[in-house]
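Below is one structure, written out as structure tokens; comments come after it.
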Amino acid sequence: MAAIAAIVILPILGILVLAKAKWVHKELPYLGETITAADGTKEYHTVSDINLINQHGQPITLDDFDSSIVVANIFFASCAEVCPAMNKQVQVIAEEFQAFPNVRFLTITIDPEHDSVPVLATYANAYKADLYKRTFATGSKREIYDWVMNDLLLATEQRGQDFIHDDKVVIIDKSRHIRGILETSGKTLTEKLEKVKRIQDDINNLLYEYRKNDLDK
């Protein structure tokens, strides 16, 4: 757990770069298989429900995230490099959207045999998870792997230790459609900032889409 003992906060210069960058609205795609009916209506890939247990030992499902945009990613607590770097990126984004109750973050372990609820709680506390609407969760390994690969469309191949691994986040809209699968890793601070900005922009695009739909009613 030493890798997450301290959360690295982006330098002030980096935050200023993000603050000055302009957001330009664009319509997000629907990812995954799309079925078009004879009348032209479309049925988009939909993320199915899953039974999980959060860092407080409470059973949860996607119903607990109803009416929210969900930013999901996978990790395992003993991961020394990729996961801490990815979760720091996710944390920066979570802090940006702290004031938005309809934007939430779901981080799921793909090593449930070792990432018990106490381990998750320690990991989550390092990121002040409850304050920033982040849920760390565990569950059945078989169900998680099936869900990550077939529903989240992540990690199509397994790499070592029988673990799937991916540094991306998945943006799920309120109808459980996938609207973005975005990388978090970068070799330099500038690249990391660009990845954060891209994810923030896509979340803002979805928020704009819902505000516009509300105004059009």
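Within the range 27-216, all pairs of alpha-carbon atoms sorted by distance into 10 Å bins from zero give the percentages 9, 37, 38, 13, 3, 0.
With a 10 Å Cβ neighbour count serving as the proxy for reagent exposure, in which order, fewest first, do Lys141, Lys212, Lys168 appear?
Lys212, Lys141, Lys168
Karplus-derived 3J(HN,Hα) values for the range 201-210, using 6.51 cos²θ - 1.76 cosθ + 1.60 with θ = phi - 60°, are 4, 5, 5, 5, 4, 5, 4, 4, 4, 6 Hz; glycine and proline are entered as x. Ranked for footprinting exposure by Cβ neighbours inside 10 Å, fewest first, Ser68, Ser78 give Ser78, Ser68. Count Lys and Arg as plus one, Asp and Glu as minus one, and take only other residues whose Cβ is under 12 Å from that of Ser68; the net charge is then 0.
Each reported figure results from applying straightforward, stated rules to the coordinates on display, with no laboratory input. Please read these numbers as outputs of a predicted model, since none were measured by experiment. We place every Cβ from the backbone using ideal geometry, glycine too, and count neighbours over all the protein chains shown.
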